[in-house]
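Following: one structure in C-alpha cells, then a few remarks.
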Amino acid sequence: MSDIRLRYAAFSDVGLVRSNNQDAGYASPHLIAVADGMGGAAAGDVASSVAISHLAEIDDSHAADDLLPLLRKAVNDAHEDMLGRVAENPKLAGLGTTCIAILRSSNKLGMIHIGDSRAYLMRGGEMKQVTHDHTLVQYLVDHGQLTPEEAEHHPQRNVIMRALGDTPGEVELDESIREAQPGDRWLLCSDGLFGVVTLDTISHAMAMIEDLHELGEHLIDLALAAGAPDNVTVVLADVLEDTDGEHGPSQAVVVGSAAHDYRRPTRGGTSAAARAAKLTAGNNSANSANLATEDSANTKTSHKQRFGLAGLTAALAVLALLVAGCFFAYRWTQSRFYVGTDSGRVLIYRGIPQVIGSLHLSSPIEETGLLVEDLTPVAQDRLEQPITRGSLAEIRDVVENLKSQVVPDEATSSPSETESSPSPAAPATPSANSAESSNSSEAGE
C-alpha cells in the first residue's frame, strides 16, 4: 500500500452559555485528539490541558506495535499528574476529562477512548460513529432499557460512567488498531457539537464541504445556531495518498481550554508543537481559544464547563440497582456522601445525587452554615455539580475548604441602625430623639 499523510485542522468555540472553555483539541501529522474537561471552572480546563499535554509528548513517528502502549502510557501519566495536582491543591478535587486520541504509524491508526467525546469516520460517502459512549444512557440503550431516540432527550444523558480524572485506580480505556485508507475523513468532537446538531446534518457537511477550514467553521456555526449550551471542539483529518513523498507541514495545532483568567473569555492565535503544549499544562491552563489549520492559525472564541465526576460514582450505583436490583446495592449508595445545595444553602448529603423513579438515593444530613452567595466565584462554580467523597470525614474536609473561600465582609465596622420608640416604663419627661445611623457597603467582585 502506498504511503499516506494527514491533512488536519482543529477548532474550538466557547459556545453561548458557558463561562470558560474546558475543551482542548490537538492535531498534527501523527496525532489527533480531543479532551472535554469537567469539574467546575477551577478544574475542567486543567484536566483537559493535562491530558492533551501528555499526549503531545508522544507526537512523533513510531512503530505500529508501539501505538497502543504509547497511548496507554500517556493517559496513565496524565492520570498520575491529575492525582498529584489534586493532592497539592484540593480546590481541584473532582476534576476530570473525556479523552479520545488517534496516533498514526504509516497507514496504521491506534485509537484510545474514554468518556463521551466521539470519533466519526466518513468512508465511501458514508459516515459512522466509531466510538461507543461511556454514559449511563448508552448503557441503558445497550441493555434495552431505552431507545436511542429516548436517550437523546433523557435528563441524565450527560452522566458519564468512565472518565480520566482524580479517581484512584486503573483507567479503563477502549483501545483499537485501525487501517487508514486514502479518502477517509475523520472527525473527533466534544458533545458540544453532536449534542445539538443532528448526525444527518453533520454527515451532509462532511460529505459536501471539501476544504477542512471551511468545514470546521461550518460545524462550529451549526452548533452556535442551535444554541451552543456547551463548548464546541472539532478536530478534522483527511487521509491523503502521499505518492510524491510530500509529507506536508509538521506544525501541530492546539486549541481550546480556558485562559488563566477564567472569567474573561479570550481570543488568541498561536499554534504550538508538542513542547509548547507541555508548557501550557504546566501553567494549569491551555492557550486561549485558537482556531488553526496546518497552513495558518486563525482565532475563534473558546469556552466551556461540564459535568463533574460525581456522575461516575452516581452512574455506577444506578447501574448496580438496575442490574442487580438488590438491597446491597442500595446500602452501598448510603455509604457515600456529597456536598450539594438547596435554596442557596450548602448542605451535606448521605447517598448519591440520583433519583430512580420515585426513589431518592440521597438525603440531607447536616447544615454547613454556608450560603452559596457568600462564596467566591470559583467555589460557586465547584458547587454547580455535587462534590462526592467516600466518608463523612472526607466530606467535612471539603466543607472546611469551602469555608475558607467565603468572601470577606468589607462592612465590618458599620454601626447598626437604631430606631427610637417610647418606653411604657419611662418617666414623663421630654424624650430626646434617638440617633439614627446607617451605613452600607457594596463588595465588588
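State whether the residues of segment 408-418 include one that is at pLDDT 50 or above, surrounded by 10 or more Cβ atoms within 10 Å (Cβ to Cβ) and under 29 Å from residue 95 (Cβ atoms). Checked segment 408-418: no residue is at pLDDT 50 or above, surrounded by 10 or more Cβ atoms within 10 Å (Cβ to Cβ) and under 29 Å from residue 95 (Cβ atoms).
Condition check: touching a helix residue (DSSP H, G or I) at 6+ places or on another chain (Cβ under 6 Å), under 27 Å from residue 43 (Cα atoms), in the same structural domain as residue 126 (by TED's automatic domain parsing) and at pLDDT below 90. Does residue 223 satisfy that? Spelling it out, it is not the case that residue 223 is touching a helix residue (DSSP H, G or I) at 6+ places or on another chain (Cβ under 6 Å), under 27 Å from residue 43 (Cα atoms), in the same structural domain as residue 126 (by TED's automatic domain parsing) and at pLDDT below 90.
I'm trying to understand the selection: among the residues of segment 185-229, which are in contact with a His (Cβ under 8 Å, 6 or more places away or on another chain) and in a loop (DSSP other than H, G, I, E, B)? Listed by number, the list holds a single entry, 209.
Answer with yes or no whether residue 61 is among the small types (Gly, Ala, Ser), outside any loop (DSSP other than H, G, I, E, B) and touching a residue at least 12 places away in the same chain (Cβ under 8 Å). Spelling it out, it is not the case that residue 61 is among the small types (Gly, Ala, Ser), outside any loop (DSSP other than H, G, I, E, B) and touching a residue at least 12 places away in the same chain (Cβ under 8 Å). For segment 368-393, a residue qualifies if it is touching a residue at least 40 places away in the same chain (Cβ under 8 Å) and over 24 Å from the mean Cα position of the chain (by Cα), and the qualifying residues are 391, 392.
Right, residue 402: of a type in the set (A, V, I, L, M, F, W, C), at pLDDT 80 or above and part of a helix (DSSP H, G or I) or not? So residue 402 fits the description; yes. May I ask you to verify whether residue 167 is of a type in the set (S, T, N, Q) and modelled with pLDDT of 95 or more? No: the conditions fail for residue 167.
Every residue, every condition in (1) free of Cβ contacts under 8 Å to residues at least 60 places away in the same chain; (2) under 25 Å from the mean Cα position of the chain (by Cα); (3) more than 19 Å from residue 174 (Cβ to Cβ), yes or no:
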| residue | (1), (2), (3) |
| --- | --- |
| 94 | no, yes, yes |
| 97 | no, yes, no |
| 106 | no, no, yes |
| 110 | no, yes, no |
| 113 | no, yes, no |
| 123 | no, no, yes |
| 142 | yes, yes, no |
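The single condition from (1) more than 25 Å from the chain's Cα centre (by Cα); (2) surrounded by fewer than 17 Cβ atoms within 10 Å (Cβ to Cβ) that residue 168 fails is (1).
Any residue at all in segment 74-93 that is assigned by TED's automatic domain parsing to the domain that holds residue 168, over 16 Å from residue 109 (Cα atoms) and of a type in the set (Val, Ile, Thr)? Yes, that holds for at least one residue.
Of the residues in segment 221-235, not one is touching a strand residue (DSSP E or B) at 6+ places or on another chain (Cβ under 6 Å) and surrounded by fewer than 24 Cβ atoms within 10 Å (Cβ to Cβ). Suppose we filter 34, 46 for residues that are within 20 Å of residue 93 (Cβ to Cβ), assigned by TED's automatic domain parsing to the domain that holds residue 100 and either touching a strand residue (DSSP E or B) at 6+ places or on another chain (Cβ under 8 Å) or assigned to a helix (DSSP H, G or I) (or both); which single one remains? Answer to the check: 46.
The values are calculated or read from the model by the stated rules, or taken from the named source; none is laboratory data. Bear in mind that the values here come from a model prediction, so they are computed numbers and not experimental data. In this analysis, Cβ positions are derived from the backbone assuming ideal geometry, glycine residues included, and neighbour counts consider all displayed protein chains.
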